[in-house]
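Working notes for the structure below.
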Amino acid sequence: MQVAVNEAIKAGERDSVPVGAVIVFENKIIASAGNEVLKNHDATAHAEILAIRGACNVLQTTVLNECDMYVTLEPCAMCAQAISLARIRRLYFGAYDEKYGGVMHGAHVFRYALHKPEIIGGVSETQCADILKDFFEQKR
């Protein structure tokens, strides 16, 4: 999770919402990314989407069923659906997102998805939440 946290911090330094994601295969990080929505002028450039693209490229597949994802914030509905479509084995996330989360809140995407990863929420929750709080406090 610390690598995902570092990606989130770098995203914040680029003035993007500080969210970071990492994908692990056979106990090795194969992809990591931070939010690049503003940098890329792309509403879909969430950390999770970028990490999934990177992992699929590394493994030359669209099925990541032997991979685990670590992300600093509960994924939104778009990212949760992408996680399902990629068949990620386990999802570890940090801070809960009551407003935009799509896993434990909002759309509850995995309740209806064809593939549901094992979900472990609240990993390094305080640290992940503080990064977001600090970022938005600076914006006000």
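Remark on Cys76: its backbone amide H falls under 5 Å from those of Gly102, a criterion applied only to residues 5 or more positions apart or on other chains, H modelled at 1.01 Å from N.
Average accessible surface for the chain: 53 Å² per residue, computed with a 1.4 Å probe over protein heavy atoms with every protein chain in place. Over region 1-40, the fraction of Cα-Cα pairs per 5 Å bin, rounded to whole percents and listed from the shortest bin up, is 7, 30, 28, 18, 11, 5, 1. Mean-square fluctuations from a GNM of the chain, with a 10 angstrom spring cutoff on Cα atoms, peak among Lys116, Lys28, Lys39 at Lys28. Across region 100-116, computed HN-Hα scalar couplings (Karplus, 6.51 cos²θ - 1.76 cosθ + 1.60, θ = phi - 60°) run 10, x, x, 9, 9, 10, x, 6, 6, 3, 5, 5, 10, 6, 5, 10, 10 Hz from first to last residue, x flagging Gly and Pro. Once both axes come from the Cα atoms, what is the angle between helix 2-13 and the longest principal axis of the chain, in degrees from 0 to 90, rounded to 10? Long axis of 2-13 versus the principal axis of the chain: about 50 degrees.
Each listed q (0.10, 0.12, 0.13 Å⁻¹) maps to a log10 I(q)/I(0) for the chain from the Debye sum over equal C-alpha point scatterers, namely -0.28, -0.40, -0.47.
Per-atom-type breakdown for the chain gives carbon and sulfur 50% of the accessible area (1.4 Å probe, protein chains only).
Computed with a 1.4 Å probe on the full set of protein chains, the accessible area for Thr44 sits at about 50 Å².
Per-residue surface analysis assigns Lys133 an accessible area of about 120 Å², computed on protein heavy atoms at 1.4 Å probe radius. What does DSSP give for the chain in terms of the percent of beta bridges that are antiparallel, rounded to the nearest 5? Beta bridges within the chain, antiparallel portion: roughly 55 percent.
Computed with a 1.4 Å probe over protein heavy atoms only, the accessible area of Asp97 comes to about 30 Å².
Taken one residue at a time, the phi angles of region 121-137 give Karplus couplings (6.51, -1.76, 1.60, θ = phi - 60°) of x, x, 6, 6, 4, 4, 4, 5, 5, 5, 4, 5, 4, 4, 4, 6, 5 Hz. Gly and Pro are set to x.
Taking the C-alpha atoms only, the angle from helix 47-59 to the longest principal axis of the chain is near 40 degrees. Mean separation of Cα pairs under 8 Å and 6 or more residues apart, divided by the residue count, gives the chain a relative contact order of 20 percent. When Arg90, Arg140 are compared by accessible area of protein heavy atoms, the largest-first order is Arg140, Arg90, using a 1.4 Å probe. Overall, region 61-140 carries a charge dipole of about 280 debye about its Cα centre when +1 sits on the Cβ of Lys and Arg and -1 on the Cβ of Asp and Glu, all other atoms neutral.
The values are calculated or read from the model by the stated rules, or taken from the named source; none is laboratory data. Bear in mind that the values here come from a model prediction, so they are computed numbers and not experimental data. FYI the Cβ positions are ideal-geometry reconstructions off the backbone, even for glycines, and counts take in every protein chain you see. For accessibility, only protein heavy atoms count, side chains too; no ligands or nucleic acids. Shrake-Rupley method; radii C 1.70, N 1.55, O 1.52, S 1.80 Å.
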